[in-house]
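Everything below concerns the one structure shown next.
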Amino acid sequence: MTFNAPLNANDRKDLINRGFSRRNLGKIAAMVTAGASMPFYNESALAQLSKVDNVPADAVMINSNENPLGPCTEAKEAAMKIVSQGGRYLYGETDKVAKIMSEQEGVKVSYVRVYPGSSAPLHQAVLAFTSPEKPLVMADPGYEAGGRAAAFIGSKVIKVPLTADYKHDVKEMLKQGGPNAGLFYICNPNNPTGTLTPKSEIEWLVANKPKGSIVMVDEAYTHISTAPFNTDLVAQDKDVISLRTFSKIYGMAGLRAGAAIARPDLLDKLGGWGAGMLPITGMAAASASLLQKNLIPERRKLIGQVRVDTLEFLEKHKFKVVPSESNCFMVDVKQPGNNIVTAMRKEKVYIGRVWPAWPTYVRVTVGTADEMKKFQAAFLKVMA
Ligand SMILES: Cc1ncc(COP(=O)(O)O)c(C=O)c1O
(Lines give C-alpha, C1' and ligand atoms only; values in the text may rest on other atoms or scores of the structure.)
Protein backbone atom coordinates (compact mmCIF):
# COMPACT_ATOMS: atom_id res chain seq x y z
CA MET A 1 0.00 0.00 0.00
CA THR A 2 2.84 2.41 -0.76
CA PHE A 3 0.36 4.53 -2.73
CA ASN A 4 -1.46 5.20 0.53
CA ALA A 5 1.76 6.05 2.34
CA PRO A 6 1.00 9.74 2.99
CA LEU A 7 -2.13 8.76 4.91
CA ASN A 8 -1.40 7.41 8.36
CA ALA A 9 -3.68 4.98 10.19
CA ASN A 10 -5.66 7.79 11.81
CA ASP A 11 -6.19 9.57 8.50
CA ARG A 12 -7.45 6.35 6.94
CA LYS A 13 -9.79 5.66 9.84
CA ASP A 14 -11.14 9.20 9.70
CA LEU A 15 -11.73 9.00 5.94
CA ILE A 16 -13.49 5.63 6.19
CA ASN A 17 -15.67 7.07 8.98
CA ARG A 18 -16.52 9.97 6.69
CA GLY A 19 -17.88 7.49 4.14
CA PHE A 20 -14.98 7.22 1.71
CA SER A 21 -14.44 3.74 0.30
CA ARG A 22 -11.03 2.04 0.42
CA ARG A 23 -10.83 2.65 -3.32
CA ASN A 24 -11.13 6.40 -2.73
CA LEU A 25 -8.17 6.33 -0.34
CA GLY A 26 -5.60 5.76 -3.08
CA LYS A 27 -6.85 8.78 -4.94
CA ILE A 28 -6.86 10.88 -1.81
CA ALA A 29 -3.30 9.77 -1.11
CA ALA A 30 -2.33 10.80 -4.63
CA MET A 31 -3.88 14.20 -4.08
CA VAL A 32 -2.11 14.66 -0.76
CA THR A 33 1.24 13.59 -2.24
CA ALA A 34 0.84 16.25 -4.89
CA GLY A 35 0.31 18.93 -2.23
CA ALA A 36 -3.41 18.92 -2.96
CA SER A 37 -2.99 20.65 -6.28
CA MET A 38 -2.52 17.86 -8.79
CA PRO A 39 -3.71 17.86 -12.34
CA PHE A 40 -7.13 18.75 -11.18
CA TYR A 41 -7.18 21.45 -11.90
CA ASN A 42 -6.11 24.98 -11.88
CA GLU A 43 -7.12 27.58 -14.41
CA SER A 44 -4.19 26.90 -16.70
CA ALA A 45 -4.73 23.13 -16.62
CA LEU A 46 -8.42 23.63 -17.33
CA ALA A 47 -7.62 25.95 -20.20
CA GLN A 48 -5.26 23.26 -21.52
CA LEU A 49 -8.00 20.65 -21.45
CA SER A 50 -8.83 21.60 -24.99
CA LYS A 51 -5.11 21.11 -25.73
CA VAL A 52 -3.24 24.23 -26.65
CA ASP A 53 -0.11 23.12 -28.50
CA ASN A 54 2.24 25.00 -30.75
CA VAL A 55 0.83 28.41 -29.91
CA PRO A 56 2.28 31.00 -32.31
CA ALA A 57 4.53 33.53 -30.58
CA ASP A 58 2.31 36.41 -31.67
CA ALA A 59 -0.97 34.78 -30.55
CA VAL A 60 -3.39 36.69 -28.34
CA MET A 61 -3.76 34.61 -25.15
CA ILE A 62 -7.08 35.46 -23.55
CA ASN A 63 -7.96 31.93 -22.51
CA SER A 64 -7.07 31.54 -18.84
CA ASN A 65 -7.94 34.77 -17.01
CA GLU A 66 -4.36 35.90 -16.68
CA ASN A 67 -3.39 39.52 -16.23
CA PRO A 68 -1.39 40.72 -19.23
CA LEU A 69 0.11 43.52 -17.09
CA GLY A 70 2.07 40.94 -15.08
CA PRO A 71 3.63 41.82 -11.73
CA CYS A 72 4.03 45.50 -10.87
CA THR A 73 7.49 47.08 -11.07
CA GLU A 74 8.06 46.89 -7.32
CA ALA A 75 7.13 43.19 -7.28
CA LYS A 76 9.50 42.41 -10.13
CA GLU A 77 12.32 44.25 -8.40
CA ALA A 78 11.68 42.50 -5.10
CA ALA A 79 11.62 39.07 -6.77
CA MET A 80 14.82 39.70 -8.70
CA LYS A 81 16.59 41.07 -5.68
CA ILE A 82 15.88 38.00 -3.58
CA VAL A 83 16.91 35.42 -6.19
CA SER A 84 20.54 35.42 -4.99
CA GLN A 85 19.29 34.25 -1.58
CA GLY A 86 17.46 31.35 -3.19
CA GLY A 87 19.71 28.84 -1.45
CA ARG A 88 18.10 29.68 1.90
CA TYR A 89 14.87 28.63 3.57
CA LEU A 90 13.71 32.16 4.22
CA TYR A 91 10.48 31.37 6.08
CA GLY A 92 10.35 35.00 7.15
CA GLU A 93 9.30 36.01 3.63
CA THR A 94 6.08 34.01 4.03
CA ASP A 95 5.53 35.45 7.51
CA LYS A 96 5.86 38.94 6.05
CA VAL A 97 3.06 38.30 3.55
CA ALA A 98 0.82 36.93 6.30
CA LYS A 99 1.53 39.94 8.53
CA ILE A 100 0.78 42.53 5.85
CA MET A 101 -2.39 40.72 4.80
CA SER A 102 -3.60 40.40 8.38
CA GLU A 103 -3.12 44.13 8.94
CA GLN A 104 -4.83 45.06 5.71
CA GLU A 105 -7.71 42.62 6.19
CA GLY A 106 -8.38 43.33 9.86
CA VAL A 107 -7.82 39.79 11.11
CA LYS A 108 -5.27 38.31 13.49
CA VAL A 109 -2.18 36.94 11.79
CA SER A 110 -3.12 33.44 12.93
CA TYR A 111 -6.15 33.72 10.61
CA VAL A 112 -3.99 34.01 7.46
CA ARG A 113 -2.27 31.03 5.87
CA VAL A 114 -0.13 31.75 2.86
CA TYR A 115 0.04 29.35 -0.12
CA PRO A 116 1.58 29.27 -3.57
CA GLY A 117 -1.70 30.45 -5.15
CA SER A 118 -5.21 29.51 -4.13
CA SER A 119 -5.63 26.20 -5.97
CA ALA A 120 -4.01 24.26 -3.12
CA PRO A 121 -6.28 25.54 -0.32
CA LEU A 122 -9.29 25.12 -2.62
CA HIS A 123 -8.47 21.45 -3.11
CA GLN A 124 -7.52 21.03 0.54
CA ALA A 125 -10.90 22.40 1.60
CA VAL A 126 -12.58 19.81 -0.61
CA LEU A 127 -10.48 17.11 1.09
CA ALA A 128 -11.18 18.44 4.55
CA PHE A 129 -14.90 19.23 4.35
CA THR A 130 -16.53 17.00 1.73
CA SER A 131 -17.13 13.27 1.46
CA PRO A 132 -19.54 10.86 -0.26
CA GLU A 133 -22.08 11.92 2.37
CA LYS A 134 -21.15 15.61 2.68
CA PRO A 135 -21.50 17.27 -0.68
CA LEU A 136 -19.66 20.14 -2.26
CA VAL A 137 -22.36 22.59 -3.34
CA MET A 138 -21.42 24.96 -6.13
CA ALA A 139 -22.85 27.10 -8.92
CA ASP A 140 -23.30 26.06 -12.53
CA PRO A 141 -21.61 27.40 -14.53
CA GLY A 142 -18.90 27.85 -11.92
CA TYR A 143 -15.15 27.45 -11.53
CA GLU A 144 -14.65 23.71 -12.02
CA ALA A 145 -11.53 23.01 -9.94
CA GLY A 146 -13.29 22.19 -6.66
CA GLY A 147 -15.91 20.04 -8.35
CA ARG A 148 -13.28 18.07 -10.21
CA ALA A 149 -11.24 17.51 -7.06
CA ALA A 150 -14.37 16.35 -5.22
CA ALA A 151 -15.39 13.97 -8.01
CA PHE A 152 -11.83 12.60 -8.19
CA ILE A 153 -11.75 11.59 -4.54
CA GLY A 154 -15.34 10.27 -4.55
CA SER A 155 -17.12 13.14 -2.81
CA LYS A 156 -20.61 14.14 -3.82
CA VAL A 157 -20.95 17.28 -5.96
CA ILE A 158 -24.16 19.29 -6.28
CA LYS A 159 -24.27 21.92 -9.01
CA VAL A 160 -26.96 24.56 -8.77
CA PRO A 161 -27.75 26.77 -11.80
CA LEU A 162 -27.11 30.49 -11.42
CA THR A 163 -30.27 32.62 -11.12
CA ALA A 164 -31.72 34.32 -14.21
CA ASP A 165 -29.72 37.41 -13.26
CA TYR A 166 -26.52 35.37 -12.91
CA LYS A 167 -26.16 35.29 -9.11
CA HIS A 168 -25.42 32.22 -7.00
CA ASP A 169 -28.84 30.86 -6.07
CA VAL A 170 -28.05 30.65 -2.37
CA LYS A 171 -31.57 29.56 -1.36
CA GLU A 172 -31.50 26.68 -3.84
CA MET A 173 -27.93 25.80 -2.85
CA LEU A 174 -29.03 25.53 0.75
CA LYS A 175 -32.06 23.45 -0.18
CA GLN A 176 -30.21 21.06 -2.48
CA GLY A 177 -27.21 20.79 -0.15
CA GLY A 178 -29.51 19.44 2.55
CA PRO A 179 -28.67 18.97 6.23
CA ASN A 180 -25.37 17.19 5.44
CA ALA A 181 -23.88 19.83 3.15
CA GLY A 182 -20.10 19.85 3.60
CA LEU A 183 -18.81 22.84 1.66
CA PHE A 184 -20.66 25.67 -0.08
CA TYR A 185 -18.41 27.20 -2.74
CA ILE A 186 -19.20 30.78 -3.75
CA CYS A 187 -16.99 32.48 -6.30
CA ASN A 188 -17.50 36.24 -6.30
CA PRO A 189 -17.28 37.55 -9.00
CA ASN A 190 -18.08 34.18 -10.47
CA ASN A 191 -15.70 32.50 -12.87
CA PRO A 192 -16.70 32.12 -15.76
CA THR A 193 -19.54 34.67 -15.85
CA GLY A 194 -17.85 37.58 -14.05
CA THR A 195 -21.15 38.27 -12.28
CA LEU A 196 -21.71 39.16 -8.63
CA THR A 197 -23.68 37.68 -5.78
CA PRO A 198 -24.72 40.36 -3.25
CA LYS A 199 -22.94 40.17 0.08
CA SER A 200 -26.30 40.12 1.86
CA GLU A 201 -27.04 36.79 0.15
CA ILE A 202 -23.68 35.33 1.15
CA GLU A 203 -24.42 36.48 4.71
CA TRP A 204 -27.85 34.85 4.51
CA LEU A 205 -26.25 31.55 3.49
CA VAL A 206 -23.74 31.78 6.34
CA ALA A 207 -26.55 32.48 8.82
CA ASN A 208 -28.82 29.68 7.57
CA LYS A 209 -26.46 26.88 6.55
CA PRO A 210 -26.47 23.61 8.49
CA LYS A 211 -24.22 23.46 11.52
CA GLY A 212 -20.80 22.08 10.69
CA SER A 213 -20.84 23.03 7.02
CA ILE A 214 -18.43 25.62 5.66
CA VAL A 215 -18.94 28.52 3.26
CA MET A 216 -15.85 29.10 1.15
CA VAL A 217 -15.85 32.40 -0.71
CA ASP A 218 -13.38 32.39 -3.56
CA GLU A 219 -12.31 36.03 -3.87
CA ALA A 220 -9.83 35.52 -6.72
CA TYR A 221 -11.41 38.31 -8.78
CA THR A 222 -12.95 40.52 -6.07
CA HIS A 223 -10.33 43.28 -6.38
CA ILE A 224 -11.22 43.67 -10.05
CA SER A 225 -14.92 44.22 -9.25
CA THR A 226 -16.76 46.59 -6.95
CA ALA A 227 -17.84 43.76 -4.62
CA PRO A 228 -16.98 43.91 -0.92
CA PHE A 229 -14.77 41.19 0.54
CA ASN A 230 -16.05 38.78 3.18
CA THR A 231 -13.13 38.89 5.56
CA ASP A 232 -15.38 40.60 8.10
CA LEU A 233 -17.31 37.32 8.39
CA VAL A 234 -14.03 35.55 9.08
CA ALA A 235 -13.12 38.16 11.72
CA GLN A 236 -16.49 37.41 13.37
CA ASP A 237 -15.40 33.75 13.63
CA LYS A 238 -18.08 32.44 11.28
CA ASP A 239 -17.64 29.13 9.43
CA VAL A 240 -16.23 31.02 6.45
CA ILE A 241 -13.03 30.63 4.45
CA SER A 242 -11.91 33.43 2.16
CA LEU A 243 -9.59 32.35 -0.67
CA ARG A 244 -7.19 34.88 -2.16
CA THR A 245 -4.76 34.68 -5.03
CA PHE A 246 -2.08 36.95 -6.43
CA SER A 247 -2.66 35.42 -9.89
CA LYS A 248 -5.26 37.95 -11.00
CA ILE A 249 -5.11 41.66 -10.22
CA TYR A 250 -1.50 41.35 -9.03
CA GLY A 251 -0.49 39.54 -12.25
CA MET A 252 1.50 36.80 -10.51
CA ALA A 253 -0.02 33.57 -11.93
CA GLY A 254 3.46 32.29 -12.75
CA LEU A 255 5.22 33.71 -9.70
CA ARG A 256 2.69 32.13 -7.30
CA ALA A 257 1.22 33.44 -4.08
CA GLY A 258 -2.17 33.17 -2.45
CA ALA A 259 -3.83 32.73 0.92
CA ALA A 260 -6.66 31.20 2.85
CA ILE A 261 -8.14 33.50 5.50
CA ALA A 262 -10.18 31.73 8.16
CA ARG A 263 -10.46 30.81 11.83
CA PRO A 264 -7.30 28.97 12.92
CA ASP A 265 -9.21 25.75 13.63
CA LEU A 266 -10.46 25.72 10.03
CA LEU A 267 -6.98 26.50 8.69
CA ASP A 268 -5.63 23.61 10.72
CA LYS A 269 -8.06 21.29 8.97
CA LEU A 270 -6.71 22.47 5.61
CA GLY A 271 -3.10 22.53 6.66
CA GLY A 272 -2.97 19.00 7.95
CA TRP A 273 -2.75 17.87 4.33
CA GLY A 274 0.62 19.38 3.61
CA ALA A 275 2.38 22.72 3.41
CA GLY A 276 6.04 23.64 3.34
CA MET A 277 8.54 26.17 2.16
CA LEU A 278 7.13 28.64 -0.36
CA PRO A 279 9.18 30.21 -3.18
CA ILE A 280 10.80 33.36 -1.87
CA THR A 281 10.48 35.09 -5.24
CA GLY A 282 6.69 34.77 -5.07
CA MET A 283 6.64 35.82 -1.42
CA ALA A 284 8.85 38.90 -1.95
CA ALA A 285 6.75 39.93 -4.95
CA ALA A 286 3.53 39.43 -2.98
CA SER A 287 4.70 41.63 -0.09
CA ALA A 288 5.85 44.34 -2.49
CA SER A 289 2.52 44.22 -4.36
CA LEU A 290 0.46 44.51 -1.18
CA LEU A 291 2.33 47.67 -0.23
CA GLN A 292 1.52 49.52 -3.48
CA LYS A 293 -1.38 51.78 -2.53
CA ASN A 294 -2.49 52.73 -6.05
CA LEU A 295 -2.06 49.35 -7.70
CA ILE A 296 -5.56 48.00 -7.09
CA PRO A 297 -7.58 51.09 -8.06
CA GLU A 298 -5.41 51.74 -11.12
CA ARG A 299 -5.60 48.19 -12.42
CA ARG A 300 -9.30 47.89 -11.61
CA LYS A 301 -9.94 51.03 -13.66
CA LEU A 302 -7.81 49.87 -16.57
CA ILE A 303 -9.29 46.37 -16.76
CA GLY A 304 -12.78 47.85 -16.30
CA GLN A 305 -12.33 50.29 -19.20
CA VAL A 306 -11.16 47.60 -21.61
CA ARG A 307 -13.99 45.30 -20.50
CA VAL A 308 -16.65 48.01 -20.92
CA ASP A 309 -15.31 48.93 -24.38
CA THR A 310 -15.27 45.28 -25.48
CA LEU A 311 -18.77 44.57 -24.18
CA GLU A 312 -20.09 47.75 -25.84
CA PHE A 313 -18.52 46.66 -29.11
CA LEU A 314 -20.14 43.22 -28.89
CA GLU A 315 -23.53 44.67 -27.98
CA LYS A 316 -23.31 47.14 -30.83
CA HIS A 317 -22.88 44.15 -33.11
CA LYS A 318 -25.93 42.52 -31.53
CA PHE A 319 -24.18 39.76 -29.63
CA LYS A 320 -25.65 38.63 -26.34
CA VAL A 321 -23.14 39.15 -23.54
CA VAL A 322 -23.37 38.47 -19.84
CA PRO A 323 -22.82 41.68 -17.83
CA SER A 324 -19.45 41.06 -16.18
CA GLU A 325 -17.64 42.88 -13.36
CA SER A 326 -14.46 40.86 -13.74
CA ASN A 327 -11.54 40.26 -16.09
CA CYS A 328 -13.56 37.75 -18.11
CA PHE A 329 -16.98 37.65 -19.71
CA MET A 330 -19.19 35.25 -21.62
CA VAL A 331 -20.70 35.77 -25.03
CA ASP A 332 -23.39 33.68 -26.72
CA VAL A 333 -22.17 32.43 -30.11
CA LYS A 334 -25.51 30.69 -30.87
CA GLN A 335 -23.80 27.45 -31.91
CA PRO A 336 -21.56 24.93 -30.14
CA GLY A 337 -19.02 27.19 -28.45
CA ASN A 338 -16.09 24.96 -29.32
CA ASN A 339 -16.61 25.68 -33.04
CA ILE A 340 -15.81 29.29 -32.35
CA VAL A 341 -12.94 28.51 -29.96
CA THR A 342 -11.34 26.48 -32.77
CA ALA A 343 -12.06 29.04 -35.47
CA MET A 344 -10.60 31.84 -33.32
CA ARG A 345 -7.37 29.87 -32.92
CA LYS A 346 -6.93 29.89 -36.66
CA GLU A 347 -6.95 33.68 -36.31
CA LYS A 348 -4.30 33.36 -33.59
CA VAL A 349 -6.70 34.45 -30.85
CA TYR A 350 -6.97 31.90 -28.01
CA ILE A 351 -10.17 32.38 -26.06
CA GLY A 352 -11.37 30.42 -23.06
CA ARG A 353 -13.38 27.29 -22.75
CA VAL A 354 -17.06 26.31 -22.87
CA TRP A 355 -19.14 25.11 -19.90
CA PRO A 356 -21.49 22.16 -20.51
CA ALA A 357 -24.33 24.02 -18.76
CA TRP A 358 -24.10 26.81 -21.35
CA PRO A 359 -22.90 25.08 -24.50
CA THR A 360 -23.29 28.06 -26.82
CA TYR A 361 -21.34 30.50 -24.65
CA VAL A 362 -17.58 31.02 -24.72
CA ARG A 363 -15.53 32.68 -21.98
CA VAL A 364 -13.18 35.44 -22.99
CA THR A 365 -10.52 36.99 -20.76
CA VAL A 366 -10.06 40.77 -20.83
CA GLY A 367 -6.59 41.38 -22.28
CA THR A 368 -4.91 44.67 -23.14
CA ALA A 369 -6.76 47.22 -25.29
CA ASP A 370 -4.59 46.17 -28.23
CA GLU A 371 -5.29 42.47 -27.68
CA MET A 372 -9.02 43.12 -27.48
CA LYS A 373 -8.93 45.00 -30.80
CA LYS A 374 -7.44 41.85 -32.34
CA PHE A 375 -10.10 39.80 -30.57
CA GLN A 376 -12.85 42.03 -31.98
CA ALA A 377 -11.58 41.75 -35.56
CA ALA A 378 -11.16 37.97 -35.34
CA PHE A 379 -14.54 37.50 -33.63
CA LEU A 380 -16.43 39.46 -36.28
CA LYS A 381 -14.65 37.45 -38.97
CA VAL A 382 -15.41 34.00 -37.51
CA MET A 383 -18.99 34.92 -36.59
CA ALA A 384 -19.76 36.36 -40.06
C1 LIG B 1 -12.04 31.26 -9.27
C2 LIG B 1 -10.64 30.84 -9.18
N3 LIG B 1 -10.18 30.36 -8.02
C4 LIG B 1 -8.94 29.96 -7.86
C5 LIG B 1 -8.04 30.03 -8.90
C6 LIG B 1 -6.69 29.50 -8.62
O7 LIG B 1 -5.67 30.19 -9.13
P8 LIG B 1 -4.21 30.12 -8.55
O9 LIG B 1 -3.89 28.74 -8.12
O10 LIG B 1 -3.38 30.60 -9.68
O11 LIG B 1 -4.20 31.04 -7.38
C12 LIG B 1 -8.47 30.52 -10.14
C13 LIG B 1 -7.56 30.59 -11.29
O14 LIG B 1 -7.87 31.04 -12.33
C15 LIG B 1 -9.80 30.93 -10.28
O16 LIG B 1 -10.29 31.38 -11.43
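Please go through segment 93-107 and pick out each residue that is touching a residue at least 24 places away in the same chain (Cβ under 8 Å) and within 17 Å of residue 263 (Cα to Cα).
Our first condition is that a residue be touching a residue at least 24 places away in the same chain (Cβ under 8 Å); within segment 93-107, this holds for 93-94, 96-98, 100-101, 104-107.
Result: 98, 101, 104, 105, 106, 107.
Looking at 137, 126, 107, which one is of a type in the set (Val, Ile, Thr), over 19 Å from residue 282 (Cα atoms), assigned to a loop (DSSP other than H, G, I, E, B) and assigned by TED's automatic domain parsing to the domain that holds residue 271?
Numbers: 137 fails: assigned to a loop (DSSP other than H, G, I, E, B); 126 fails: assigned to a loop (DSSP other than H, G, I, E, B).
Every option except 107 fails the conditions.
Hey, can you tell me all the residues within segment 163-190 that are touching a residue at least 40 places away in the same chain (Cβ under 8 Å) and hydrophobic (A, V, I, L, M, F, W, C)?
Those that are touching a residue at least 40 places away in the same chain (Cβ under 8 Å) and hydrophobic (A, V, I, L, M, F, W, C): 181, 183, 184, 186, 187.
I'm told residue 58 meets every condition in (1) assigned to a helix (DSSP H, G or I); (2) among the acidic types (Asp, Glu); (3) outside the structural domain of residue 281 (by TED's automatic domain parsing) except one. Can you identify the failing condition by its number?
Just one mismatch for residue 58, condition (1).
Rundown of residues vs (1) surrounded by 21 or more Cβ atoms within 10 Å (Cβ to Cβ); (2) within 16 Å of the ligand (Cβ to nearest atom); (3) small (Gly, Ala, Ser), yes/no style:
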{"position": "142", "(1), (2), (3)": "yes, yes, yes"}
{"position": "153", "(1), (2), (3)": "yes, no, no"}
{"position": "177", "(1), (2), (3)": "yes, no, yes"}
{"position": "181", "(1), (2), (3)": "yes, no, yes"}
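Give the residue that is nearest to the ligand (Cβ to nearest atom), with candidates limited to residues of segment 189-237 that are surrounded by fewer than 19 Cβ atoms within 10 Å (Cβ to Cβ) and within 19 Å of residue 179 (Cβ to Cβ).
In this case the residue turns out to be 204.
Are any residues in segment 331-370 charged (D, E, K, R), under 29 Å from residue 301 (Cα atoms) and surrounded by fewer than 18 Cβ atoms within 10 Å (Cβ to Cβ), and if so, which ones?
332, 347, 348, 370
Looking at segment 83-104 only, could you name the residues that are within 28 Å of residue 44 (Cβ to Cβ) and in contact with a strand residue (DSSP E or B) (Cβ under 6 Å, 6 or more places away or on another chain)?
94, 97, 98, 101
Taking only segment 56-71 into account, find how many residues are surrounded by fewer than 17 Cβ atoms within 10 Å (Cβ to Cβ) and on the phi > 0 side of the Ramachandran plot.
1
Restricting the search to segment 94-123, which residues are more than 19 Å from residue 249 (Cβ to Cβ) and within 12 Å of the ligand (Cβ to nearest atom)?
Within segment 94-123, 120, 123 qualify.
Can you name the residue in segment 124-140 that is farther than 15 Å from residue 271 by Cα and within 15 Å of the ligand (Cβ to nearest atom) and is also surrounded by the fewest Cβ atoms within 10 Å (Cβ to Cβ) among such residues? So that I can check it myself, show each step before the final result.
Applying the first criterion (farther than 15 Å from residue 271 by Cα) to segment 124-140 yields 130-140.
Checking which are within 15 Å of the ligand (Cβ to nearest atom) leaves us with 136, 138-140.
On the way: 136: 26, 138: 26, 139: 30, 140: 17.
This residue is 140.
Outside any loop (DSSP other than H, G, I, E, B), within 15 Å of the ligand (Cβ to nearest atom), of a type in the set (Ser, Thr, Tyr) and under 19 Å from the mean Cα position of the chain (by Cα): which single residue out of 242, 247 fits that description?
Result: 242 is the single residue among 242, 247 that is outside any loop (DSSP other than H, G, I, E, B), within 15 Å of the ligand (Cβ to nearest atom), of a type in the set (Ser, Thr, Tyr) and under 19 Å from the mean Cα position of the chain (by Cα).
The values are calculated or read from the model by the stated rules, or taken from the named source; none is laboratory data. The structure presented is a predicted model; accordingly, all values stated were derived computationally and were not measured. Here the Cβ is made from the backbone with ideal geometry for all residues, glycine too, and neighbour counts use every protein chain on show.
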